[in-house]
1. List the pairs whose first member sits in segment 37-50 and is within 11 Å of Thr149 (Cα to Cα), whose second member is of a type in the set (Val, Ile, Thr) and open to solvent by less than 30 Å² (accessible area, probe 1.4 Å), and whose Cβ atoms are under 7 Å apart, counting only residues at least 6 apart or on separate chains?
2. Starting from segment 88-111, take each residue that is farther than 19 Å from Glu69 by Cα and among the acidic types (Asp, Glu) and list its partners that are modelled with pLDDT under 95 and open to solvent by less than 60 Å² (accessible area, probe 1.4 Å), counting only C-beta distances under 9 angstrom and pairs at least six apart or across chains.
3. Being open to solvent by 70 Å² or more (accessible area, probe 1.4 Å), at pLDDT below 95 and small (Gly, Ala, Ser) narrows it down to one of Ala92, Ala99, so name that one.
4. Which ones in segment 128-142 are out of contact with any Gly (no Cβ under 9 Å at 6 or more places or on another chain) and either at pLDDT 95 or above or among the basic types (Lys, Arg) (or both)?
5. Applying the selection to segment 36-57, what residues are over 21 Å from Val80 (Cβ atoms) and of a type in the set (Asp, Glu)?
6. For Arg121, state whether it is of a type in the set (Lys, Arg), in a strand (DSSP E or B), out of contact with any Cys (no Cβ under 9 Å at 6 or more places or on another chain) and over 21 Å from Glu46 (Cβ atoms).
7. Please find, within segment 71-89, the residue that is least open to solvent (accessible area, probe 1.4 Å) out of those that are over 12 Å from the mean Cα position of the chain (by Cα) and under 23 Å from Val24 (Cβ atoms).
8. Only one of these is open to solvent by 50 Å² or more (accessible area, probe 1.4 Å), of a type outside the set (D, E, K, R) and more than 14 Å from Arg84 (Cβ to Cβ): Gly141, Gly118, Gly145, Gly151. Name it.
Amino acid sequence: MTSEKTEGYELRLERLLDAPRAKVWRCWTEPRLLEQWFAPQSWTTEVKTLEPRPGGTSHIVMRGPNGEESDGVGVFLEAVPERRLVFTNAFAPGWIPSAQPAVVPFMTTIVEMSDEGGKTRHVVRALHWTEEARKQHEERGFYEGWRQTTGQLEALARTL
């Protein structure tokens, strides 16, 4: 697994998953599967809506062990089956501009998947409006969180 900061506004985590791309895609796009891996182990995930298509809604609530709650609403900008998902929290359903999130800043997330020797090259990129927002997201645990959840994603995909 490699991780690196790219210039300015992007956080990026890349990993070769020991699971076929079709199964990794299912884990991203099927609500009951997403709920099993998307949050750190001590948290729970509830998928209220997941419509992986351009303009489709995403509404995911994560709850922490001490009563913390992250209520994430956004829209999909792009969905290329088994290859690419692009979503943002800058818009609510119907392309209504979102109110500034309390915890994680506005961002667009790009998830890319490609085949590599029977495994899946999995790349997550978080693009932020400002360098300050990128730094805030990094300080709130971007790398630690994505390393953990990507491991959970891989383990689940291998069971399908």
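1. Matching pairs, first to second residue: Trp37/Thr149; Phe38/Thr45; Phe38/Ile60; Phe38/Thr149; Ala39/Thr45; Ala39/Thr149; Pro40/Thr149.
2. Cβ pairs passing all conditions: none.
3. Exactly one of Ala92, Ala99 is open to solvent by 70 Å² or more (accessible area, probe 1.4 Å), at pLDDT below 95 and small (Gly, Ala, Ser), namely Ala99.
4. Lys135, Arg140
5. Glu46
6. Working: of a type in the set (Lys, Arg): yes; in a strand (DSSP E or B): yes; out of contact with any Cys (no Cβ under 9 Å at 6 or more places or on another chain): yes; over 21 Å from Glu46 (Cβ atoms): yes.
Against the criterion (of a type in the set (Lys, Arg), in a strand (DSSP E or B), out of contact with any Cys (no Cβ under 9 Å at 6 or more places or on another chain) and over 21 Å from Glu46 (Cβ atoms)), Arg121 qualifies.
7. Here is the first cut: in segment 71-89, the residues over 12 Å from the mean Cα position of the chain (by Cα) are 71, 73, 75, 77-83.
Next cut, under 23 Å from Val24 (Cβ atoms) only: 75, 77-83.
Working: Val75: 1, Leu77: 70, Glu78: 64, Ala79: 24, Val80: 53, Pro81: 93, Glu82: 68, Arg83: 127 Å².
This residue is Val75.
8. Numbers: Gly141 fails: open to solvent by 50 Å² or more (accessible area, probe 1.4 Å); Gly145 fails: open to solvent by 50 Å² or more (accessible area, probe 1.4 Å); Gly151 fails: open to solvent by 50 Å² or more (accessible area, probe 1.4 Å).
That would be Gly118, the only listed residue that is open to solvent by 50 Å² or more (accessible area, probe 1.4 Å), of a type outside the set (D, E, K, R) and more than 14 Å from Arg84 (Cβ to Cβ).
The values are calculated or read from the model by the stated rules, or taken from the named source; none is laboratory data. Being a predicted model, the structure only gives us computed values, none of them experimental. Methodologically, a virtual Cβ is constructed for each residue, glycine included, from the backbone with ideal geometry; neighbour enumeration extends over all protein chains shown. Only protein heavy atoms, including side chains, enter the accessible area calculation; ligands, DNA and RNA are left aside. Shrake-Rupley method; radii C 1.70, N 1.55, O 1.52, S 1.80 Å.
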